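For reference, the structure is listed below as structure tokens.
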Amino acid sequence: MICRGCHANGEHDFWEFCDLGVQPLANTLLTKDQLLEPVTTYPLRPMLCEKCMLVQLPDLVSPEQTFSDYPYFSSQSATYVEHSRQHADDLIKHFLMGEAWRREHAGGEGRLVVEIASNDGYMLRHFIRGGIERVYGIEPARNVADHATKRGIPTFVDFFSSVLASKLVESKDGLVTGGRADVIIANNVLAHVPNLSSFLVGLRIMLAPEGVVSIEVPWLKDLVDGDECGTIYHEHLSYFLLHSIEYALTGQAGGLRVFDVEHFPEIHGGTMRLYLCHGSAQHEQTERVREWQSVERGWLVSAPLHHFGRQPSALKQAVWSFLLSQKVIDRYVCGYGAAAKAATVLSYCGVGPELMPWIADTTPAKWDRYLGGTQIHITTPLALTERRPDVIWVLAPNWIEEIKSKLRDQCDWHPHVAWQDGTEIRMERL
Ligand code: TYD
């Protein structure tokens, strides 16, 4: 195995600190006809590279396999949509309207914003609305990209890499491509990238001299401290600290540097937003970066991954005791939110339709499909009012407040709501 971040490949460079068993891809959703067919499973054992502290899974599955028909639509969560709107407004205000841009572009051809993994266009539409002249997205999942195109957002169906970056920068198609970008956004994509070096080099190629790359990625410290083992699944190849990203940027993929960092504990279980620029650019490194580096150093010294390795089995016990206690008193339990993390937790814990017959989800692409590992049926939220379950287990605990408020409006029979909090299952009356 070769480390995706620093290219270490020694036998003693990796530590397998946690075992989540053998599972299908978390986003495998089966049709009824596929229920009798075998499902491919893969071991799920994350490893820490002890040189650069990148937690990673080997890339057993090709990105084409994962993203050919991807059921994830960013616009499903109002919290996330609002977070993205604010993010876009901040980027416009700080980096697209500022003095630096004006100096660089006096008489120039207009600002260019590129989003990598632009999904259904949930983010780029704000730049178009904000009057940015040239905007385009790069999204490998055609079914998702089609939604963006229908919204009028130019979208290239492809995986980002150094080769693609050169092609787009040099393109003379007279449409939106060509030239380097003033702002590049790469949210929730880095974890999926098998060739991290090519991706980081691609950012360098595509970025204008004083441009800014804005990256959002779940922070390993939040994942570990919050016992969020459900977010470890095959589609997430890497789990980052600022340290491991800076390490990668000093190696083969050098040329960019991190000049600022922000923390969003409520997004995807804890997200860091990094701002990168060229090594020679004028953006000064903020005090926040130095503070963050020192927090990570202190945290790593406390050996948190030793403790984390025990969490999956503790969670399994909590899930079983919760579900059996509800069964004993004859409560009807359903799920809400067929998230990839839900598929991982249910499959690891061995919870099937006998304990949870169905899961409601607002994503039409998931309706009438079945989770690949456990064959639980996914249906529309209308099923809640039709079947009036006693307990609704919210399987996307990262959106718990938003979902609780939706359920309060919909469920006038006041069912109980349960959700995972670390290795515990919490429950309250709605
Ligand atoms: P999410 O936690 O965003 O991601 P992942 O799949 O990476 O773990 O997935 C949330 C799922 O929950 C998604 O299928 C959409 C669904 N959902 C609802 O059904 N209703 C809601 O109100 C929200 C916020 C999400």
Set LYS167/LYS341; LYS150/LYS221; LYS32/LYS406; LYS93/LYS404, cut-off 31 Å on Cα-Cα distance; pairs above it are LYS167/LYS341; LYS150/LYS221; LYS93/LYS404
Relative to the chain, whose Cα atoms define the longest principal axis, helix 287-301 and its Cα axis are tilted in degrees, nearest 10, by 40
Per the C-alpha gyration tensor (a ≥ b ≥ c, the square roots of its eigenvalues), region 48-93 is rounded if a/c is under 1.5, else prolate if a/b beats b/c, else oblate; here it's oblate
Whole-Hz Karplus couplings 3J(HN,Hα) for region 337-345, θ = phi - 60° and coefficients 6.51, -1.76, 1.60, Gly and Pro as x, run x, 7, 6, 4, 5, 5, 4, 5, 5
Over all directions, region 311-430 yields a Cα convex hull whose mean projected area in nm² is 6.6
Looks like region 1-157, by Cα gyration tensor root eigenvalues a ≥ b ≥ c and the a/c under 1.5 rounded cutoff (else prolate when a/b is bigger than b/c, oblate otherwise), is oblate
Here the relative contact order (percent) of region 329-430, from C-alpha pairs under 8 Å and at least 6 apart, is 26
Rounded to a whole number, the Stokes-Einstein D of region 368-430 in µm²/s (Kirkwood radius over Cα pairs; 4 °C; 1.567 mPa s) is 103
Volume per residue (Å³) of the convex hull spanned by the alpha carbons of the chain is 142
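Tell me, Kirkwood radius of region 210-321 from alpha-carbon pair distances, in Å? Mind dumping the intermediate values first?
Numbers: mean 1/r = 0.0646 Å⁻¹.
This gives a value of 15.5 Å.
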By accessible area (1.4 Å), largest first, LYS93, LYS404 order as LYS93, LYS404
Using alpha carbon centers only, region 215-271 is separated from region 333-389 by a whole-angstrom value of 28
Listed by chain and number, the residues whose amide H is under 5 Å from that of PHE240, excluding neighbours fewer than 5 places away on the same chain and using placed H, are LEU220
The extension gain from ASP59 to ASP409, computed as 0.36 nm times the residue separation minus the Cα-Cα distance, is 121.8 nm
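Counting Lys and Arg as +1 and Asp and Glu as -1, what is the net charge of the other residues whose Cβ lies under 13 Å from the Cβ of PHE160?
Values: positive: LYS167, ARG204; negative: GLU115, GLU139, ASP158.
So the environment of PHE160 carries a net charge of -1.
Using only the Cα atoms, work out Rg/Rh for region 144-242, with Rh taken as the Kirkwood radius, to two decimals.
Here Rg/Rh amounts to 1.02.
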Label model pair ARG388, GLN86: point-to-point distance (7 angstrom along the Cα→beta-carbon line) in nm is 3.9
quick shape note, region 8-78: Cα extents on principal axes in Å, largest first -> 45, 35, 21
Note on the chain: contact order normalised by length, alpha-carbon pairs under 8 Å, 6 or more apart, percent, works out to 16
Under a Gaussian network model of the chain whose springs join Cα atoms within less than 10 Å, the largest fluctuation of GLY211, GLY254, GLY131 belongs to GLY131
Under 5 Å from the placed amide H of LEU112, counting only residues 5+ away or on other chains, we find ASP182, VAL183
Taking a crude spin-label model, label points 7 Å out from Cα along the C-beta direction, the SER68 to GLN282 distance in nm is 4.9
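The values are calculated or read from the model by the stated rules, or taken from the named source; none is laboratory data. Being a predicted model, the structure only gives us computed values, none of them experimental. In this analysis, Cβ positions are derived from the backbone assuming ideal geometry, glycine residues included, and neighbour counts consider all displayed protein chains. Areas reflect the complete protein model, heavy atoms only, side chains present, ligands, DNA and RNA absent. Shrake-Rupley method; radii C 1.70, N 1.55, O 1.52, S 1.80 Å.
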